[in-house]
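Novice: My questions all concern the structure below.
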Amino acid sequence: MLEYTEYLKIFIALLAVVDPLAAMPIIVSMAVRDNSNDLKAIARTVALSVSFVLIITLFLGQQVLFFFGISINSFRVSGGILLMLMSLSMLQGKISETVRNEEEARENAKQTAIVPLSIPLLAGPGAISTVILYAQKGQGIEHYLMISLIIIAVTTILWCVLLATPWLTKRLSKNGINVVIRLMGLILLALAVEFIAGGLKGLFPKLA
């Protein structure tokens, strides 16, 4: 089990990657603002779907890497690069195309709450990579239980943000939302550099 400060760091990292505010424009575009029942159903489905995907990733992600013969250090580098691409887009106030491209954006109105809201927008490659990378940092049931609780905490915040979308869109300007997204992007960029540096040290010990 890690220090509690490390788990706080994991919580902040996962919250930045999942980025609940990124789902707000899609919720608005789905025209559910005036239908509280639809909004509650979508928020519940999204939160449960994201929790399910990330918890399954937590317990089975490393086994999948082992099955394909991928070392954790290689995954650190590739995951760090992916997070870096996402963070650079966030610093520009955009949603990275590694999460959702223009074609997928046009299909939002035709999709369910699971696709693309839950997968790949929220529980996408970045979130999955983050969970796998932090899961291997500790051992024991306590470590996995703590990360499970972090996932539940993040998805609870996500659920609250989705329910509050009508209220937030009336009080937060687009610029205000972009400021928050940019701050998350800055945090994510620092974490991406840390992942890449750790992976390179593992692959090339002489760099240390």
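Every number in this text was worked out from the coordinates using simple rules, so none of it is lab data. Bear in mind the structure is a predicted one, so any value in this text is a computation, not a measurement. Counting neighbours? That spans all protein chains shown, and the Cβs are built from the backbone with ideal geometry, glycine included.
Novice: Quote the FRET efficiency, to the nearest 0.05, computed for Arg171 versus Phe52 with a Förster distance R0 of 41 Å and r equal to the Cβ-Cβ distance.
Specialist: With R0 = 41 Å, the Cβ-Cβ based efficiency is 0.85.
Novice: Taking the Cβ-Cβ separation of Ala164 and Leu2 as r and a Förster radius of 35 Å, what is the calculated FRET efficiency to the nearest 0.05?
Specialist: 0.65
Novice: Sticking with this structure for a sec: Length gain on complete extension for the stretch Arg182 to Lys137, per 0.36 nm per residue less the alpha carbon to alpha carbon distance?
Specialist: Here the answer is 13.5 nm.
Novice: Continuing with this model, one more query. Of the listed pairs Lys9/Lys40; Lys40/Lys137; Lys40/Lys174, which have alpha-carbon separations greater than 32 Å here?
Specialist: As for pairs spanning more than 32 Å Cα to Cα, those are Lys40/Lys137.
Novice: Now for a different question. Length gain on complete extension for the stretch Tyr144 to Ile81, per 0.36 nm per residue less the alpha carbon to alpha carbon distance?
Specialist: 20.2 nm
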